[in-house]
1. I need the phi-derived Karplus couplings for segment 324-337: 6.51 cos²θ - 1.76 cosθ + 1.60, θ = phi - 60°, integer Hz, Gly and Pro marked x.
2. Could you pull out every one of the aspartates and glutamates with an alpha carbon less than 14 Å from that of Lys184, ignoring same-chain neighbours closer than 8 positions?
3. Based on alpha-carbon centroids, what's the gap between segment 256-329 and segment 371-420 in Å, whole number please?
4. Given the options Pro644, Ser788, Phe758, identify the residue whose Cα lies farthest towards the positive end of the charge dipole of segment 238-793 (+1 on Cβ of Lys, Arg; -1 on Cβ of Asp, Glu).
5. Rank Thr463, Gln498, Ser593 by how far each Cα sits towards the positive end of the charge dipole of segment 238-793 (+1 on Lys, Arg Cβ; -1 on Asp, Glu Cβ) and give me just the farthest.
6. Which one of Thr107, Asn634, Pro539 is farthest out on the positive end of the charge dipole of the chain, using unit charges on Cβ (Lys, Arg +1; Asp, Glu -1) and the Cα centre as origin?
7. Return the long-range amide H neighbours of Leu231 (sequence gap of 5 or more, or a different chain), with a cut-off of under 5 Å between placed amide H atoms.
8. For the residue pair Asp302 and Lys531, what label-to-label distance in nm results when each label sits 7 Å from Cα along the Cα-to-beta-carbon direction?
Amino acid sequence: MTKNLLVALISILTFSNSILAQQSSGDEVTVTGTVVDKSANIPLEYATISFQSINDATKLTGGVTDANGKYSIQVPVGTYKITIEYISFEPYIISEKSITESTSLGTVSLDFASDSLDEVVIRAETTQVDIRLDKKIYNVGKDLLVRGGSVSDVLDNVPSVSVDVEGNVALRGNDNVRILINGKPSGLVGISGSDGLRQIPSEAIERVEVITSPSARYDAEGTGGILNIILKKDKLVGFNGSVNVTVGDPANNTASASVNYRTKDINLFTNTGYSYRKSNGGGFNNRESFNEDLQYRFVDEDRDFERLRKGFNSNIGLEWFINESSTLTNSFFIRNQDNSSENNTITNRYEDTRDALSNASRRFDTETEDDQTFQYSLNYVKDFNDDGHKLTFDFQYEKSSEDEFSNITDTDTFPAELVTDQERVQTLEDQNEILLQADYVWPIDENTQFEAGYRGTFNDLTTDYTVSAIDDNNNFIRNDSLSNVLFYGERVNALYSQYGKKINKFSVLLGLRLENTQITIDQITTNNLAKKNYTNLFPTVNLGYEFTESSSATLGYNRRIRRPRSRFINPFPSRSSETNLFQGNPDLDPVFSDGVDLGYLKRWKGFTLNTSIYYTRSTDVFEFISEDTGQVTNNGDAVVRRFPVNLSSNDRYGFELTLMYKPAKWWTLNSDFNLFNSKTEGTFNGQDFGADNTSYFVRLNSKVTLPANIDFQTRMFYSGPSEDAQSKSEGVFSTNVALSKDIFKEQATISFNVSDVFNSRKRRSETFTDTFFNESEFQWRQRQATLSLTYRFNQKKKRERGYDGGDDEGGEFEG
């Protein structure tokens, strides 16, 4: 069996191309068949099939399997030695077979090679990350550190990805990331984005795909790239599954089940879970205000909060294998979250110096939140033959709601105790979204592929925001200056086509996407209606070259867009505190970016290096500006407004290095380093808001097998300091550790992990303007310890690659 790691598609297809060039002239017939993993009964994509002539050993032809493990190869009439092989599996060899007419070799099952454990192969026992030329695939099931956690915890451990202390996701330092579920936009992410990610359990996720140079098939949305989250859907025959139970301190109690029943005709699957999580956090915000006469006022805020999250999630689906060439899948997802929190803010005020306290107050905010999501998905796949010629159709409907209710009480505590104000804030958000998609893939020949498709997304979001304040008669009266109703409608219709060609060691994938965007902004409260309609072209170019079987390079170009969302364009202010307002800008235009990515991949025995340099230029970028409104609270505190504007341009340069090293059978190391520079140029109201910022983040994962087969995993992460025109942020360091042990003859696994061991995951920042200086610290979640038990029935601890290739967005012609 070969020991070369031919996992990249460009390498395998180049191998196919070279051996095809050697085949002799004469009559040809077609040989077909399927290759599967014997232990898991799942298709093996990129398995190689070679035909060596018995009469002339120099005559060699062959090919590779597609995503469904199938192949169709043109072979000259003759007698051959046939070899079917896949990395780390025992080869299947037919010593001599006469082929005189088109024939099928049927289904061949390959088993793992017992002597392959020293190779860098993608399995549960060896590594967590599969590096391909066009993407990185992170296999969640192998990570001890995220058990009992959420999607947000999973993403925080993915190469190239960082998650800040508030849960905002960034890819290579760029926070405009398109997050997909099973290759499609989804309400599972949540109306509020990052908060929705915290509510989906990590146990429901099979893998995460990091796509930094998307082809034309993908949405153009997301200037930073795409994260594609694939939910679990097992393929084992019969009734099987796993159950996970987790307890934690502070409370992190979850129970989930992943169950699958498969026969020849159907596959019924579900991922269902319940969570009860409690976490504490807080921070401070100290502001020093001054006027032209340099008279100072100091306002120091100390904040702590406690959050309770209770949630139920269930994804239920049925695959129907209509016949050998057609599959219909129906699935339903429901999510019900019942959340609450208590926020307590103590404010001390000083005049001129901090030596003497002039006033103190307490702001107590209790909030309840009810989130519900329903999603129905339908997928139909028609395979016209075994070589990847197919048509897929998708329909998806989602209905989501997030209802928040807050009761706020302001009380003076010094010099005398007195209730000064009471408010009620209600935010009702309702969203409906429909997706229609069709993709057609036509492999013209073994080295040429054409693809075309359509996608339509139709999204309606209504936000009803109501603020009521108590009057002198203890009645709550609606505040019309803050209360408002906003309707945001977005219609995006897209057509795309792309053409791929492989010539010897060189591959090219050219694509063009056309998107028409129609946006409606209806500020119902003020009868202010605005509409925008723009049509844009988004070209993509992806090139690949194989130097050797173990080293390859890629070069990609793509154009992408960032559309302003409803919160960014709502002109009515919303309050995160009494002194801090966020206000949208209805005049925001979309951001357009052009990106180039040059990557290199090299594999040695036990060691893999993947590196890239990248550059992105964006126009009309969003910049968030803070300014003094000139208003003051009842206590005389200045009210600061933060809002987005379009600045002229942003240039982002970066370097990325990912290393995977296995110094011993019992030790695996993964590391990820990103260095990036962001330069923004632009002015607003005559003030220069340009900024030049260089920052970085580094992640190190170590997994060792201790005596008694106990696995020990450590992750260290550091995000470097950063700054923009008005603010500076310090670096953030965190460490997670985990232990895991298989019990009951590998039918169960018990795990213990501690997140943020040193309780250091805090954001510290400073903000400067002409009228105030502000310093703050914020911690979303304190150190947490969890204990998890996973029990598997009718299945052993999996040794599969962690992905099945069947949930991607179509048949990507990868380079």
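Every number here is computed from the coordinates shown, using simple stated rules; none is lab data. Remember, predicted model here, so these are calculated numbers, not experimental data. A quick note on method: Cβ atoms are made from the backbone with ideal geometry, for glycine too, and the neighbour counts reach across all protein chains shown.
1. Result, ordered by residue: 5, 10, 9, 9, 10, 10, 10, 8, 10, 10, 10, 9, 9, 10 Hz.
2. Answer for Lys184, where 14 Å is the Cα cut-off: Glu209, Asp219, Glu221, Asp394, Glu398, Glu433, Asp439, Asp807, Asp808, Glu809, listed by chain and number.
3. 9
4. Of Pro644, Ser788, Phe758, it is Ser788.
5. Checking the options against the dipole of segment 238-793, the answer is Gln498.
6. Checked the options; the winner is Thr107.
7. Asn182, Glu206
8. The answer from the label model is 5.6 nm.
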